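*Asks:* The following block contains the structure, expressed as structure tokens.
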Amino acid sequence: MTTEEFLLRRAVVFGAALLYWAGVLVQARRIRRRIGRSPNLKPRNAKEKVLLLSWLLVIGSWLAQPLLLGHHLPSWWPAEASFFAPFSLVSGIVLTVAGYAATLWCYAIMGNTWRIGVNPAEKTTLVNRGPYRVIRHPIYMFQLLMLAGAALLLPTVVSAITLVVHYFSILAKAKDEEGYLLTVHGRAYGDYLARTGRFFPKLFPPPSQNR
């Protein structure tokens, strides 16, 4: 791997992180204007505060690592990995671009129902179109794809830890959201739970039941 390619990898990872989280802020502001209130940005309990901290750590490491690696190949980067470089570069960029494009798709499908946190007093519409037909939390899954792309572009211990921390963070977040939606939508959401996967489609989902 050349120094120029290494700089390209760092630029893609940093640029994707900056674009993604700036996009989240833009989306939050857009939804706030549409619904006339915050899309549940502020944590409501201790668990949400811990989850927010973990997300901030993920965001920080995603943004900071490309900057802290410097302008040249680090001494620990193995020369033997050069055969893996073309695959990791292309696949990393593909996962990054696809993950962000798919996230924008999810924003469009969710419309005004998009939220950051859960407000038990609020009742939102159950979205089951597009990727939501087969996956309950596609935005989280696409975040994982982008972080997997970052790990391919910068295969470091920090990248791996960031990916793992983010997975367990979105797992806890998804479970909270599912509990809320089950309370709000009852049996309709129960059927939706049965035929969809949390982050990946179910291989053999049961047929939808019309009640």
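The values are calculated or read from the model by the stated rules, or taken from the named source; none is laboratory data. The shown structure was predicted, so the numbers you read here are calculated from the model rather than taken from an experiment. All Cβ positions, glycine included, derive from the backbone under ideal geometry; neighbour counts span all protein chains shown.
*Asks:* Residues that are touching a Lys or Arg at 6+ places or on another chain (Cβ under 8 Å) and among the aromatic types (F, W, Y): does region 130-137 have at least one?
*Replies:* Keep residues of region 130-137 that are touching a Lys or Arg at 6+ places or on another chain (Cβ under 8 Å), which gives 134-137.
Right, trim to among the aromatic types (F, W, Y) and you get none.
No, the conditions are met nowhere in region 130-137.
*Asks:* Turning to a different aspect of this structure: How many residues are outside any helix (DSSP H, G or I) and either within 19 Å of G15 (Cβ to Cβ) or without any contact (Cβ under 8 Å) to a residue 12 or more places away in the chain (or both) when one looks only at region 100-114?
*Replies:* From region 100-114, those outside any helix (DSSP H, G or I) are 114; that's our starting set.
When the remaining residues are screened for being either within 19 Å of G15 (Cβ to Cβ) or without any contact (Cβ under 8 Å) to a residue 12 or more places away in the chain (or both), the result is none.
Residues meeting the conditions: 0.
*Asks:* In region 142-165, is there at least one residue being buried (at least 16 other Cβ atoms within 10 Å of the Cβ) and in contact with an Asp or Glu (Cβ under 7 Å, 6 or more places away or on another chain)?
*Replies:* The answer is no; no qualifying residue exists.
*Asks:* Quick one: P66 ticks every box in (1) surrounded by 15 or more Cβ atoms within 10 Å (Cβ to Cβ); (2) at pLDDT below 90 except a single one, so which number is it?
*Replies:* (2)
*Asks:* Right, another one. Looking at R32, R44, which is the one that is loosely packed, with under 15 Cβ neighbours inside 10 Å and part of a helix (DSSP H, G or I)?
*Replies:* R32
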